[in-house]
Structures are given as structure tokens and as C-alpha cells.
Amino acid sequence: MKLYFAPGACSLGIHVILEEIGKPYEAQAVNLREGEHFKPAFTAINPKSKVPVLVLDDGKILTEWLAIASYLAAINPAAKLVPEDKFAWARATEMMAYVTGVMHGQGFARMFRPERFTPNPDDHEAVRTEGRRIFAEGFAVMSEALGEQDYLLGHVSIADAALFYVSFWGEARQKLVLPPRIAAHYARMKSRPAVQRAMVAEGVA
Ligand SMILES: N[C@@H](CCC(=O)N[C@@H](CS)C(=O)NCC(=O)O)C(=O)O
């Protein structure tokens, strides 16, 4: 199994999941700054030019954070990264869809890629501002979901890996003051050996 990742990108969450599972895998860095993801060697693997990508041992290729995380958790039940209860599983999916689709896809993307939302450079700052609003609102929503629990489902799961990567972006990249429960969750995640290994492997510890 091989993970294509970019250091500190959303693929960090998948890296964390692979480390939590603890089975051997390969990790291949993709240099987004140099546009490696638009070159034929990578587009042959993922024509969408995005990380993460998971290539299975039989050659099958899986893209999209939510799909990769769900698949890894499903084929590794001993790691208990998804609940057995089907409603709790759906709840985890609900949270991951929100983090990847809204906080990342709508919020963070506006902050970093305003040109993908409007062709007019004069509008870029307004797009960034809206991205920051969506991103901040996302932390408020996830703080409610977390409540007083240590982890989103009460035990560590793939949903925590999703919240972890956006918290990493918020704190380490944006220097945001995270809401208290989210900051505590982020610190708790960073204290996990699997998370530390993933961060060291990506050079973002
Ligand atoms: N919908 C995709 C989004 C993946 C994504 O946006 N990946 C970013 C890194 S966090 C990327 O590869 N960006 C390169 C680009 O958009 O040029 C998913 O959930 O996996």
C-alpha cells in the first residue's frame, strides 16, 4: 500500500490513520509547490491532481480523503478507528464530510486559492475573508460536536484525524487561536505516538 502525500497537506490526516493502524506502508511525497501534481507521472495516478492518493497492493487507486479514511478503517477493524454501531459510523462520516467538504473545500480553499473562486483579482481579498469566516465557523461547529469528550466519538477514530489536519492548518499555518475544546483535542492528538510519527515523517513536527 502506498500513500501519496504532500508535507502538511490534508494527506497528513491519512498519514496519521496509517500510523494508528500500524501496518507497513510506503509514503511518497509529492511536491505541490513545484507543481509535481500536474505532471504526467502524477496525473496518471490521479487525474484530479490532488493528494491524498492511496495505491493498493493490487494496483487499485483510491482518491478523496473521506473514501481513503473509511476504506482504511474498514479493512483494519482491529484498529477500531470506526465504531461498530452503524449510526455512530454515519455520525463519523457526517463530521468528516463537513471537515473535508466545508472547512477544507469551502473555507481553506478560499483562503489559499481565491483565484479558483473568482477570476477577478480585485475580489480575491473578499473571497479570502469569506474563507476565513467559513473556516472559523467550522471550528465552532466541531467544538459543539466534540463537547466535553476527549475524541469526537468518545474514542479515537478517523473523524479525529480529519479534525486534526484542519487544526494543524489553523494553529501551525494560520496562527489562529483555536477554540478551547479544539485546542485541547489538537494537543491530545499531537501527544499520540502515531501522530508524532506521521508529523516527523512529513517534516512538520
Ligand atoms: N476533495 C479532495 C481534496 C484534496 C485536496 O484539496 N488536496 C490538496 C492538498 S490538501 C491538493 O492536492 N491540492 C493541490 C491543488 O489543488 O493544486 C479530498 O478530500 O481528498
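The values are calculated or read from the model by the stated rules, or taken from the named source; none is laboratory data. Remember, predicted model here, so these are calculated numbers, not experimental data. Because the Cβ atoms are built from the backbone with ideal geometry, glycine has one as well, and the counts that use them run over all protein chains shown.
Being in contact with a Lys or Arg (Cβ under 7 Å, 6 or more places away or on another chain), part of a helix (DSSP H, G or I) and not aliphatic (A, V, I, L, M) is the requirement here; does SER143 meet it? The answer is yes for SER143. Can you pull out the residues in region 1-34 that are among the polar types (S, T, N, Q) and more than 9 Å from the ligand (Cβ to nearest atom)? GLN28, ASN31, listed by residue number. Would you confirm, using the coordinates I've provided, whether SER143 is farther than 20 Å from SER11 by Cβ and among the polar types (S, T, N, Q)? Taking the combined requirement at face value, the residue satisfies it. Return the only residue of SER157, SER167, SER143 being without any contact (Cβ under 8 Å) to a residue 40 or more places away in the chain, crowded, with 21+ Cβ neighbours inside 10 Å and within 24 Å of SER70 (Cβ to Cβ). Within the list SER157, SER167, SER143, the selection yields SER167.
Return yes or no: is VAL51 within 15 Å of the ligand (Cβ to nearest atom), part of a loop (DSSP other than H, G, I, E, B), surrounded by 22 or more Cβ atoms within 10 Å (Cβ to Cβ) and not polar (S, T, N, Q)? Criteria met by VAL51. Say whether the condition of being assigned by TED's automatic domain parsing to the domain that holds ALA140, more than 16 Å from the ligand (Cβ to nearest atom) and either of a type in the set (D, E, K, R) or surrounded by 12 or more Cβ atoms within 10 Å (Cβ to Cβ) (or both) is met by at least one residue in region 90-100. Checking region 90-100: at least one residue is assigned by TED's automatic domain parsing to the domain that holds ALA140, more than 16 Å from the ligand (Cβ to nearest atom) and either of a type in the set (D, E, K, R) or surrounded by 12 or more Cβ atoms within 10 Å (Cβ to Cβ) (or both). Please work out which residue is surrounded by the most Cβ atoms within 10 Å (Cβ to Cβ), limiting yourself to region 61-85 and to residues that are farther than 16 Å from ALA161 by Cα and more than 13 Å from the ligand (Cβ to nearest atom). Restricting to residues being farther than 16 Å from ALA161 by Cα and more than 13 Å from the ligand (Cβ to nearest atom), the top hit is ILE75.
Just one of the listed residues (LEU66, LEU62, LEU81) is of a type in the set (A, V, I, L, M, F, W, C), assigned to a loop (DSSP other than H, G, I, E, B) and at pLDDT 95 or above, namely LEU81. One residue stands out in region 107-123 among those that are in a helix (DSSP H, G or I) and surrounded by fewer than 16 Cβ atoms within 10 Å (Cβ to Cβ): the one that is farthest from the ligand (Cβ to nearest atom), namely ASP122.
Here the condition is being in contact with a Gly (Cβ under 8 Å, 6 or more places away or on another chain) and under 16 Å from PRO180 (Cβ atoms); of PHE164, PHE108, PHE139, it holds for PHE139 alone.
Filter region 168-205 down to the residues that are assigned to a loop (DSSP other than H, G, I, E, B) and either touching a helix residue (DSSP H, G or I) at 6+ places or on another chain (Cβ under 6 Å) or within 22 Å of GLU19 (Cα to Cα) (or both) and list them by number. Residues satisfying the conditions are LEU176, LEU178, PRO179, SER191, ARG192, GLY203, VAL204, ALA205.
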